[in-house]
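The values are calculated or read from the model by the stated rules, or taken from the named source; none is laboratory data. All figures in this text were calculated on a predicted structure; none of them were measured in a lab. Neighbour counts run over all protein chains shown; Cβ positions are idealised from the backbone, glycine included.
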Amino acid sequence: MDRKIVKLWIRTKISDSEVLRRQGSEISWGSFPFLLFSLAFFLVFCTEKKRKRESRE
């Protein structure tokens, strides 16, 4: 379930950036903090998954 949500979320972010590119503007510095935040969120999500898996064993 969680994995599906993350994949869908990433897909929407990719399509958002595609739309921006079609409009003729590259990724601006305005969206940079958001990209950084999304990367941090993803890393935390993965480490939490690993921790839960290790605690089960």
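Worth a mention:
- Screening residue 53 with (1) exposed (fewer than 10 other Cβ atoms within 10 Å of the Cβ); (2) modelled with pLDDT under 70 gives one miss only, at (2).
- Among the residues of segment 13-44, the ones that are at pLDDT 75 or above and hydroxyl-bearing (Ser, Thr, Tyr) come to 1 in all.
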